[in-house]
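Presented below is the structure to which this report refers.
The values are calculated or read from the model by the stated rules, or taken from the named source; none is laboratory data. Values in this document were obtained by computation on a predicted structure and should not be read as measured data. Using ideal geometry, Cβ is built from the backbone for each residue, glycine included, and neighbour counts are taken over all protein chains shown. The protein model used for the area step is the full one, side chains on, heavy atoms only, and it has no ligands, DNA or RNA in it. Shrake-Rupley method; radii C 1.70, N 1.55, O 1.52, S 1.80 Å.
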Amino acid sequence: MSVPNVDPAAYPALLEAKRDRIETQFARFDPPALEVLASPPTHYRQRVEFRLWHEGDDLFYAMFEPDPDLSGKQRPVRVDAFPVANARINALMEPLRQAIRASDVLRRKIFQVEFLSTQGGETLVSMIYHRQLDEAWEAEARALQQQFDIKIIGRARKQRIVLVDDFVTEHLEVEGKTFHYQQVENSFTQPNAVIAAKMLTWARQATRPRAGEAPRDLVELYCGNGNFTVALAENFRRVLGTEISRTSVASAQVNIEANALDNVVVARMSSEDFSQALSGERVGRRAQALALDTYDFSTVLVDPPRAGLDEGSCAEIAKYERIVYISCNPDTLETNLEQLTKTHRITRLALFDQFPYTHHCECGVLLERR
């Protein structure tokens with residue numbers, strides 16, 4: 001991660017520039033007015049990572065920026081405070097650095113520290129080394145864990161020591177409800193909790209049954225740890241989510257139980273395999289266990305990686321009456337909409353400012369069959 005230039009006074013203008021970009025980029029699809037969901041201007045990230053830079057007897061957090069004197073190379077920049085990260089991470093940074101620096105065991109060949117925190121302050125710290133960790137390291141790490149009331153994981157090549165847990169639990173307030181999410185170290189989670197809650201609110205509103213409309217079923221591709229799955233469940237009779245990551249599927253199962261849901265199933269299956277199962281091309285044991293013929297899907301939600309959807313996946317999701325498309329890359333979203341708007345019209349378009357002070361834009365689109 002490079003060093004961001006955080007200037008709260010500049011944030012409104014930067015957000016307005018993103019609005020202009022998205023409105024211009026998608027104008028040819030004739031969408032309704034763009035909804036813009038703003039981030040807090042500081043302390044909005046719950047997940048950050050730093051290099052730990054050794055310089056003589058000193059040890060400090062570092063990020064990188066281009067070196068103007070060395071074309072193409074990066075130079076380390078000392079980071080003593082990080083207004084991007086939440087308040088809990090900022091409060092931990094300096095005393096944790098000093099404690100590691102003061103310990104020959106903890107500081108030896110450490111090269112990276114990763115923080116995963118929640119709005120409530122629960123924090124997991126991963127300490128990453130260029131050496132194998134031993135009992136002496138574990139003893140000192142346990143003392144550090146108790147001193148700062150954190151969870152610690154030690155990682156080295158082919159080694160991972162979990163002292164308590166490898167997750168934190170985030171609690172998101174959405175439309176007067178509290179949703180609980182297990183977030184596992186080193187797996188994908190939404191880094192901006194305020195925007196995550198706003199995204200869930202937007203998606204719940206976009207998929208709520210219309211007056212007099214009986215709830216039908218939702219299918220979700222790339223469902224991750226059940227972020228949207230959990231929050232949208234009450235809008236539907238049944239929900240079926242699919243995800244290829246074994247870790248994410250395990251977390252999704254935990255989150256289904258934590259939120260006391262009885263109408264949600266998450267299956268470990270790639271989006272390609274699931275599309276084949278829906279079309280009847282794949283009739284293996286895993287596909288048969290889903291009993292797809294018992295569902296009445298009205299809506300599909302996709303939250304694909306930056307590469308977006310391939311042509312075949314677009315053709316598959318175009319079979320549904322409503323499509324909720326969450327995108328982390330407006331360029332691949334634009335390409336996919338060229339195909340999807342042949343059968344569907346855009347009825348809602350949103351910009352979620354997940355990453356202030358960067359060029360990144362997260363978008364949400366609701367498409368309804370023409």
Considering residues that are over 19 Å from ASP217 (Cα atoms) and touching a Ser or Thr at 6+ places or on another chain (Cβ under 8 Å), the number found within the range 278-308 is 4
Criterion first (under 20 Å from LEU292 (Cα atoms) and in a helix (DSSP H, G or I)) does LEU232 satisfy it?
yes
Which one of the conditions (1) over 21 Å from GLU362 (Cβ atoms); (2) surrounded by fewer than 18 Cβ atoms within 10 Å (Cβ to Cβ) does GLU49 fail to meet, given that it meets all the rest?
(1)
Of all residues in the range 91-145, count the ones that are part of a helix (DSSP H, G or I) and either in contact (Cβ under 8 Å) with a residue 60 or more places away in the chain or of a type in the set (Lys, Arg) (or both).
4
Of the conditions (1) under 25 Å from the mean Cα position of the chain (by Cα); (2) open to solvent by 10 Å² or more (accessible area, probe 1.4 Å); (3) over 23 Å from ILE161 (Cα atoms), GLU114 satisfies every one except a single condition; which number is it?
(3)
Of the residues in the range 175-197, those that are buried (at least 17 other Cβ atoms within 10 Å of the Cβ), farther than 20 Å from GLU35 by Cβ and of a type in the set (Val, Ile, Thr) come to VAL184, THR189
Meets criteria (within 21 Å of the chain's Cα centre (by Cα) and aromatic (Phe, Trp, Tyr)) for TYR325
yes
What are the residue pairs meeting all of these: first residue in the range 314-343, first residue without any contact (Cβ under 8 Å) to a residue 40 or more places away in the chain, second residue part of a helix (DSSP H, G or I) and open to solvent by 20 Å² or more (accessible area, probe 1.4 Å), Cβ atoms under 6 Å, and 6 or more apart or on different chains?
CYS314/GLN339
Could you go through the range 140-159 and let me know if any residue there is on the phi > 0 side of the Ramachandran plot, open to solvent by 60 Å² or more (accessible area, probe 1.4 Å) and acidic (Asp, Glu).
yes
Count, please, the residues in the range 1-18 that happen to be in contact (Cβ under 8 Å) with a residue 60 or more places away in the chain, exposed (fewer than 15 other Cβ atoms within 10 Å of the Cβ) and either in contact with a Lys or Arg (Cβ under 7 Å, 6 or more places away or on another chain) or over 28 Å from ARG78 (Cα atoms) (or both).
0
Checking PHE82 against (1) in a loop (DSSP other than H, G, I, E, B); (2) open to solvent by 30 Å² or more (accessible area, probe 1.4 Å); (3) not hydroxyl-bearing (Ser, Thr, Tyr), which single condition isn't satisfied?
(2)
Using the structure shown, decide if GLY284 is without any contact (Cβ under 8 Å) to a residue 12 or more places away in the chain and surrounded by fewer than 19 Cβ atoms within 10 Å (Cβ to Cβ).
yes
Of these, LEU200, LEU218, LEU172, which one is more than 20 Å from the chain's Cα centre (by Cα), closer than 30 Å to TYR320 by Cα and surrounded by 20 or more Cβ atoms within 10 Å (Cβ to Cβ)?
LEU218
Could you count how many residues in the range 24-34 are open to solvent by 80 Å² or more (accessible area, probe 1.4 Å) and either touching a His at 6+ places or on another chain (Cβ under 7 Å) or part of a helix (DSSP H, G or I) (or both)?
2
Determine which single condition LYS73 fails, assuming it passes every other condition in (1) over 28 Å from PRO8 (Cβ atoms); (2) modelled with pLDDT under 95; (3) open to solvent by less than 50 Å² (accessible area, probe 1.4 Å); (4) of a type outside the set (Asp, Glu).
(3)
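Looking only at residues that are assigned to a helix (DSSP H, G or I) and among the acidic types (Asp, Glu) in the range 303-345, which one is most open to solvent (accessible area, probe 1.4 Å)?
Of the residues in the range 303-345, the ones assigned to a helix (DSSP H, G or I) are 311-317, 330-340.
If we keep only those that are among the acidic types (Asp, Glu) as well, we get 311, 316, 331, 334, 338.
On the way: GLU311: 139, GLU316: 25, ASP331: 86, GLU334: 42, GLU338: 86 Å².
Among them, the one singled out is GLU311.
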Which members of the range 255-273 meet the condition of being open to solvent by 60 Å² or more (accessible area, probe 1.4 Å), touching a residue at least 24 places away in the same chain (Cβ under 8 Å) and more than 25 Å from GLY284 (Cα to Cα)?
none
